[in-house]
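J.: Dropping the structure in here first, questions after.
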Amino acid sequence: AQKITQTQPGMFVQEKEAVTLDCTYDTSDQSYGLFWYKQPSSGEMIFLIYQGSYDEQNATEGRYSLNFQKARKSANLVISASQLGDSAMYFCAMREGSGGYNKLIFGAGTRLAVHP
Amino acid sequence: DGGITQSPKYLFRKEGQNVTLSCEQNLNHDAMYWYRQDPGQGLRLIYYSQIVNDFQKGDIAEGYSVSREKKESFPLTVTSAQKNPTAFYLCASRNTGNRAKNIQYFGAGTRLSVL
């Protein structure tokens, strides 16, 4: 069965430092996509970054980068130069296949706290 | 501004009552989704719709119903058959175009509680 695992329930980081949030996935599909979303206390899910299974380069979006290791089935999110506003829940999600209804499977999330 | 609007932000349901959560998008997206989030957990898919007048059940559709009469709107009804409706409900939409990365964009959510 397809599954996303986030092993870190909570993480702490000092402001301006980098932090890595772990995500491992399990799928038998060759074509899939990996996403990271941020959920602040307000509740809205904010899209951060996307990595396709056939993408050769690791995805980057500003201070966010995705460390994609296909053989290990991991897709860790790296946040550089953490800011106080980065404090939130972070969810890793996987989309299976390239067609169909694009169901997203979510992990349980990691709560990140950024300290001044 | 383009986006997804969910209303109300908070909703209370009485025993045996049906309630409807609104989701409207002006992103011109074809596909729309409803998810449920319980405390400390990720999201689970309730229903999805690829196109107007068509929708399919997700993983936890029992006790819920939807309609898709307009491209912009995808309301979710929580029926009295849903015995544990207290949760945070999120609506999402997606551009199904060929060059789209299939990214789902979310609304701000509706928090439903039982009185």
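Just so it is clear, none of the values below were taken in a lab; they were calculated from the coordinates. What you see is a predicted model; the values in this text were computed from it and never measured. All Cβ positions, even for glycine, are placed from backbone atoms using ideal geometry, and neighbour counts span all protein chains on display.
J.: Over what distance in Å are the Cα centres of region A:1-58 and region B:69-115 separated?
T.: After rounding, the separation between the Cα centres reads 21 Å.
J.: Enumerate by residue number the chymotrypsin sites (Phe, Trp or Tyr not before Pro) in region A:35-66 meeting two conditions: DSSP loop (anything except H, G, I, E, B), and at most 11 other Cβ atoms within 10 Å of the site's Cβ. Show your work: numbers first, answer last.
T.: Details: sites: A:PHE35, A:TRP36, A:TYR37, A:PHE47, A:TYR50, A:TYR54, A:TYR64; in loops: A:TYR54.
Here the sparse-neighbourhood loop sites are A:TYR54.
J.: Quick one: compute a quarter of the convex hull surface over the Cα atoms of the protein assembly as shown and quote it in nm². Could the numbers behind the result be given before it?
T.: Values: hull surface 51.9 nm².
Taking the Cα atoms of the protein assembly as shown, their convex hull projects to 13.0 nm² on average.
J.: Can I ask one more? Between B:ASP54 and A:LYS3, what FRET efficiency follows from the Cβ-Cβ distance if R0 is 35 Å, with the result rounded to 0.05?
T.: On the way: r = 28 Å, r/R0 = 0.81.
Calculated transfer efficiency: 0.80.
J.: What percentages make up the Cα-Cα pair-distance distribution of region A:1-104 when the bins are 5 Å wide from 0?
T.: 2, 12, 24, 25, 19, 11, 5, 2, 0
J.: Report Rg (one decimal) and Dmax (nearest whole number) for region B:49-115, counting Cα atoms only, units Å.
T.: Gyration radius and largest Cα-Cα distance of region B:49-115: 13.5, 46 Å.
J.: What is the mean projected area of the alpha carbon convex hull for chain B, to one decimal in square nanometres? The partial results should precede the final answer.
T.: Working: hull surface 28.7 nm².
The directionally averaged projection comes out at 7.2 nm².
J.: Now for a different question. What is the spin-label model distance, in nm, from B:ASN28 to B:THR5 if the labels are put 7 Å beyond Cα along the C-beta direction?
T.: 1.9 nm
J.: Determine the shielding of peptide B:105-111 by partner chains: average, over its residues, the number of Cβ atoms on other chains within 10 angstrom of each Cβ.
T.: On the way: counts 5, 7, 3, 4, 5, 1, 1.
Taking the mean over all residues of the peptide, I get 4.
J.: Need one number: nm distance between label points at B:ASP38 and B:LEU115, each 7 Å from Cα along Cα→Cβ, rounded to one decimal.
T.: Placing both labels 7 Å along Cα→Cβ, they lie 2.5 nm apart.
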